[in-house]
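A.B. asks: Mind having a look at this structure? Questions to follow.
Nothing in this text is a laboratory measurement; each read-out follows from the coordinates by a stated rule. Keep in mind that this is a model prediction, so the values were computed, not measured. Cβ atoms come from the backbone with ideal geometry, glycine included; neighbour counts cover every protein chain shown.
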Amino acid sequence: MKLAEIKTILAGTPTEEQLVELKKDERSGVQKLLAAYDKKREKEKMERQRFANMLNYEKEYMALPGIQYIAGVDEAGRGPLAGPLVIAGVILPEDVFIAGLNDSKKLSEAKREALYPEILEKAVAVLVNVVSISNIDKENIYHATQEGMEQILRQLRVRPQVALVDAMHPHVEGVETVPIIHGDALSASIAAASVVAKVTRDRLMQKLDQVYPQYGLAQNKGYGSQLHMDAIRKFGATKIHRRSYEPVRSMNLPPVEARDNYLFEPENGREDAGLQELLEDLEA
């Protein structure tokens with residue numbers, strides 16, 4: 001066979017018989033292709049093992065009687081000066097495999113964007129909660145996060161019996177919540193939620209950057225970068241700035257307009273109508 005034909009075979013799923021025959025081929029080009037194939041297969045094996053380890057919490061609770069669904073819950077945006085907090089809840093099926101899934105903070109933006117549609121496709125249920133700036137200021141960020149997570153667990157289309165949560169302990173009747181420190185790096189369900197929350201919030205901040213370009217929101221995502229802090233001093237705060245966070249707090253500005261949190265089920269490739277309405281309200 002020509003090297004191009006062998007390359008095509010190895011790019012697919014070769015049979016054991018084909019591999020045995022190719023190993024008999026002494027051409028250096030064939031042996032290099034086989035070495036690359038073996039390296040790729042070993043890498044895939046290690047990735048599957050890593051992902052299997054990220055399902056240890058899920059397996060532990062699924063083994064208990066009466067447990068059918070486990071949700072992972074995580075948030076993005078607790079620390080920024082501007083923009084909403086976004087929380088996501090994700091229920092994954094038992095036999096799931098999503099290569100490369102990890103704590104969203106350990107992934108590049110391109111990798112998160114690539115994982116996002118795969119998570120939506122494979123998940124049993126996904127729900128996103130955009131926590132309003134008024135609720136963050138009213139409740140404080142900790143309680144706003146906890147209440148937002150509780151809303152997620154009450155309204156997920158599929159009711160979980162257990163929720164694995166990154167370092168928080170929401171209280172919902174009928175749902176056992178398990179806070180896990182650094183859970184987004186230890187649980188596949190929490191990691192999936194962290195990616196959905198991060199991608200959703202980053203997209204929101206990129207759109208808000210078009211309305212408030214002087215604050216650099218597309219780059220800093222609302223955090224207190226030097227450009228952002230300088231812009232607040234020069235232009236003041238907007239309706240998307242949190243009044244309870246410094247330096248905005250010291251400005252003694254009137255509170256932002258009260259509004260409820262917004263929950264929606266994301267659908268890949270479709271802009272959510274209610275989310276678009278929320279954005280238009282923030283932009284007005």
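A.B. asks: Taking the dipole about the Cα centre of the chain, with the C-beta of Lys and Arg at +1 and of Asp and Glu at -1, give me whichever of N220, H171, Q31 is farthest to the positive side.
C.D. replies: Highest projection toward the positive end goes to Q31.
A.B. asks: Placing +1 at every Lys and Arg Cβ and -1 at every Asp and Glu Cβ, with all other atoms neutral, what dipole size does the range 3-53 have around its Cα centre, in debye to the nearest 20?
C.D. replies: The dipole of the range 3-53 has a size of about 320 debye.
A.B. asks: Can I ask one more? Taking a cut-off of 18 Å, what percent of all Cα-Cα pairs in the range 3-53 are separated by more than that?
C.D. replies: Considering the range 3-53, 34 percent of its Cα-Cα pairs are separated by more than 18 Å.
A.B. asks: Here's something else I'd like to know. Say R0 is 22 Å: what FRET efficiency, to the nearest 0.05, do H171 and N140 get from their beta-carbon distance?
C.D. replies: Once the sixth-power term is evaluated, E becomes 0.85.
A.B. asks: Could you tell me which of N135, V256, G100 has its Cα farthest along the dipole of the range 57-283 towards the positive end, charges placed at Cβ (Lys, Arg +1; Asp, Glu -1), taken about the Cα centre?
C.D. replies: Final value for the positive-end residue is V256.
A.B. asks: What nm value, rounded to one decimal, do you get for the distance between E109 and S225 when each label is placed 7 Å out toward the C-beta?
C.D. replies: 0.9 nm
A.B. asks: For the chain, what is the mean residue ellipticity at 222 nm derived from helices alone (per DSSP H run of n ≥ 4: -39500 (n - 2.57); sum divided by total residues; nearest 500 deg cm²/dmol)?
C.D. replies: Taken over the chain, the calculation gives -15000 deg cm²/dmol.
A.B. asks: Divide, for the chain, the radius of gyration over alpha carbons by 2.2 N^0.38 Å, where N is the residue count.
C.D. replies: 1.22
A.B. asks: How would the range 45-94 be classified by its alpha-carbon gyration tensor: rounded, prolate or oblate, with rounded meaning a/c under 1.5 and the a/b versus b/c comparison settling the rest?
C.D. replies: oblate
A.B. asks: Here is a further query. Hey, got the dipole for the range 189-277? About the Cα centre, +1 on K and R Cβ, -1 on D and E Cβ, debye to the nearest 20?
C.D. replies: Computed charge dipole of the range 189-277: roughly 400 debye.
A.B. asks: Based on the Cβ-Cβ distance of R203 and E60, what FRET efficiency does E = 1/(1 + (r/R0)^6) give at R0 = 41 Å, to the nearest 0.05?
C.D. replies: 0.75
A.B. asks: Report the extension gain between D281 and I9 in nm, rounded to one decimal, defined as 0.36 nm multiplied by the number of residues separating them, less their alpha carbon distance.
C.D. replies: Extending this stretch completely gives an extra 92.5 nm.
A.B. asks: Apply the a/c threshold of 1.5 to the C-alpha gyration tensor of the range 66-105 and tell me whether it is rounded, prolate or oblate.
C.D. replies: Note, shape of the range 66-105 comes out oblate.
A.B. asks: Test of understanding: what is the full-extension gain from E265 to K122, defined as 0.36 nm times their sequence separation minus their Cα-Cα distance?
C.D. replies: Value of the extension gain: 50.1 nm.
A.B. asks: Given the Cα-Cα distance of Q161 and M1 and 0.36 nm per residue of separation, how much length would full extension add, in nm?
C.D. replies: Contour length minus Cα-Cα distance gives 52.0 nm.
A.B. asks: For an R0 of 30 angstrom, estimate the FRET efficiency from the Cβ-Cβ distance between D95 and K23 and round to the nearest 0.05.
C.D. replies: 0.40
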